[in-house]
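*Asks:* Have a look at this one before I ask anything.
The values are calculated or read from the model by the stated rules, or taken from the named source; none is laboratory data. Here the structure is a predicted model, which is why all the values come from computation and not from measurement. Reconstructed Cβ throughout: ideal geometry from the backbone, glycine too, with neighbour counts over all protein chains shown. These accessible areas exclude ligands, DNA and RNA; they are computed on the full protein's heavy atoms, side chains included. Shrake-Rupley method; radii C 1.70, N 1.55, O 1.52, S 1.80 Å.
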Amino acid sequence: MKRIVITLALSAFTGYACAQNNAPVIKKGLYVNRSSASHYGEGIPVHVVITSASQKFVEIQNADGSWGANGNRQLPSAFCLISLLRQGESRESEKFGRATATSPPFLMDSHPGTDPERVATAIALSDYITVHYRWDAPDEKTEVPAAQIQKIRDCVKAISPQCDEMWRDLLSLSRLPAEIGRGRDGSTIRGTLDKYLDRELEGSPSTLDAYLLLHLCSSARFHRGGKNWSDWNRQFSPMLVRTQEAGGLFPCKPPEDRIAATGLSVMSLTIYNSISPNFSAKAWPVTGKSEDVGIKVDVK
């Protein structure tokens, strides 16, 4: 006989935001309470934007599991994989499983040549490990393929002292395997996030760095919670909804960065998931309560 347990949880920003389970964002009840047409400008729910972008990823993925073309495949491949994982997809997912499963082998065999490529590759492989080996193993004793750990270590070690601050911060705020360490050069999670709390939106992003800045600002506001986050969310969510192109990608200059920019956009729109104990270190206690309702369905 099947036993169905349904749990409704009102998450409060008193310490840390937790993901409900490894399921697509639409099943988590996220955004639902604020998904009015007026809130999202064009009347398009956020999960529709996320799904259309992800479906586009499936359509344009290369045979070898990568994304992009003409020598520009490292960042698109890393950010597409991260965006799929952080919205709750895995290699077992019915719709996006193949795309998720075939991307890591490409990244494992790749040779990232720039600091942003090393950062994104390290994060993508770390997220893949989190979802597939350590989601239910908080003690992190579950065996992980040593080659994946070494690849991440090599990427992190190769990051130069001249690496742009935003890319270093993205790595610092992401979850890396315990074997690697944080590598924050003495900075704290709170200190890193505080740098982005006072940034304001200045129109739609048009470059990859602008999309990255938007993601870091959204992460900082979400961690602070309360009115700081809700006011920001009411601005950046509809802005990204309006920015998405009809085909599912997001515009970017140069055009070859569109796929990576789309991955970053999805990461920002799934910030409820991507900023969780599964993908980030614990931040700082914050005040204020969230009105988001998480729904967990356990069928046995």
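*Asks:* Could you look through region 44-81, keep only residues that are more than 22 Å from Pro116 (Cα to Cα) and assigned to a loop (DSSP other than H, G, I, E, B), and pick out the one that is most open to solvent (accessible area, probe 1.4 Å)?
*Replies:* So the residue we want is Ala63.
*Asks:* Just to be sure before I move on: is Arg91 open to solvent by 10 Å² or more (accessible area, probe 1.4 Å) and in a helix (DSSP H, G or I) in the structure I sent? Break it down stepwise before answering.
*Replies:* Values: open to solvent by 10 Å² or more (accessible area, probe 1.4 Å): yes; in a helix (DSSP H, G or I): no.
For Arg91, the condition - open to solvent by 10 Å² or more (accessible area, probe 1.4 Å) and in a helix (DSSP H, G or I) - is not met.
*Asks:* Go through (1) within 27 Å of Ala220 (Cβ to Cβ); (2) part of a loop (DSSP other than H, G, I, E, B); (3) at pLDDT 85 or above; (4) open to solvent by less than 70 Å² (accessible area, probe 1.4 Å) one by one and return the number of the condition Asp198 breaks.
*Replies:* Among (1) within 27 Å of Ala220 (Cβ to Cβ); (2) part of a loop (DSSP other than H, G, I, E, B); (3) at pLDDT 85 or above; (4) open to solvent by less than 70 Å² (accessible area, probe 1.4 Å), Asp198 violates only (4).
*Asks:* Could you say whether any residue in region 163-176 is touching a Lys or Arg at 6+ places or on another chain (Cβ under 7 Å), surrounded by fewer than 17 Cβ atoms within 10 Å (Cβ to Cβ) and among the aliphatic types (A, V, I, L, M)?
*Replies:* Looking through region 163-176, none of the residues is touching a Lys or Arg at 6+ places or on another chain (Cβ under 7 Å), surrounded by fewer than 17 Cβ atoms within 10 Å (Cβ to Cβ) and among the aliphatic types (A, V, I, L, M).
*Asks:* How many of the residues in region 97-109 are open to solvent by less than 10 Å² (accessible area, probe 1.4 Å) and either in contact with an Asp or Glu (Cβ under 9 Å, 6 or more places away or on another chain) or more than 16 Å from Val58 (Cα to Cα) (or both)?
*Replies:* Within region 97-109, residues that are open to solvent by less than 10 Å² (accessible area, probe 1.4 Å) and either in contact with an Asp or Glu (Cβ under 9 Å, 6 or more places away or on another chain) or more than 16 Å from Val58 (Cα to Cα) (or both) number 4.
*Asks:* I've got another one for you. Quick check: is even one residue across region 162-169 in a helix (DSSP H, G or I), acidic (Asp, Glu) and in contact with a Ser or Thr (Cβ under 6 Å, 6 or more places away or on another chain)? Explain how you work it out, then say what you get.
*Replies:* We begin by selecting, within region 162-169, every residue in a helix (DSSP H, G or I); these are 165-169.
Right, trim to acidic (Asp, Glu) and you get 165, 169.
Those left that are additionally in contact with a Ser or Thr (Cβ under 6 Å, 6 or more places away or on another chain): 169.
Among the residues of region 162-169, at least one is in a helix (DSSP H, G or I), acidic (Asp, Glu) and in contact with a Ser or Thr (Cβ under 6 Å, 6 or more places away or on another chain), which makes the answer yes.
*Asks:* Which ones in region 155-195 are farther than 21 Å from Leu85 by Cα, modelled with pLDDT of 90 or more and out of contact with any Asp or Glu (no Cβ under 9 Å at 6 or more places or on another chain)?
*Replies:* Those that are farther than 21 Å from Leu85 by Cα, modelled with pLDDT of 90 or more and out of contact with any Asp or Glu (no Cβ under 9 Å at 6 or more places or on another chain): Lys157, Pro161, Glu165, Gly191, Asp194.
*Asks:* I would also like to ask the following. Just the residues that are outside any helix (DSSP H, G or I) and either open to solvent by less than 10 Å² (accessible area, probe 1.4 Å) or closer than 28 Å to Val48 by Cα (or both), please, taken from region 111-136. First the steps, then the outcome.
*Replies:* First, pick out the residues of region 111-136 that are outside any helix (DSSP H, G or I): 111-114, 134-136.
Once the filter is applied, which keeps residues that are outside any helix (DSSP H, G or I) and either open to solvent by less than 10 Å² (accessible area, probe 1.4 Å) or closer than 28 Å to Val48 by Cα (or both), region 111-136 yields only Trp135.
*Asks:* So which residues in region 225-257 are outside any loop (DSSP other than H, G, I, E, B) and either in contact with a helix residue (DSSP H, G or I) (Cβ under 7 Å, 6 or more places away or on another chain) or surrounded by 22 or more Cβ atoms within 10 Å (Cβ to Cβ) (or both), if there are any at all?
*Replies:* Kept after step one, since they are outside any loop (DSSP other than H, G, I, E, B), are these residues of region 225-257: 226-243, 255-257.
Those that are outside any loop (DSSP other than H, G, I, E, B) and either in contact with a helix residue (DSSP H, G or I) (Cβ under 7 Å, 6 or more places away or on another chain) or surrounded by 22 or more Cβ atoms within 10 Å (Cβ to Cβ) (or both): Asn228, Trp229, Trp232, Phe236, Ser237, Leu240, Val241, Asp257.
*Asks:* Return a yes/no flag: does region 141-154 have any residue that is closer than 14 Å to Ala122 by Cβ, modelled with pLDDT of 90 or more and in contact with a Lys or Arg (Cβ under 9 Å, 6 or more places away or on another chain).
*Replies:* Yes, because at least one residue in region 141-154 is closer than 14 Å to Ala122 by Cβ, modelled with pLDDT of 90 or more and in contact with a Lys or Arg (Cβ under 9 Å, 6 or more places away or on another chain).
*Asks:* Within region 240-256, can you find the residues that are within 19 Å of Ser218 (Cα to Cα) and over 19 Å from the mean Cα position of the chain (by Cα)?
*Replies:* The answer is Arg242, and nothing else.
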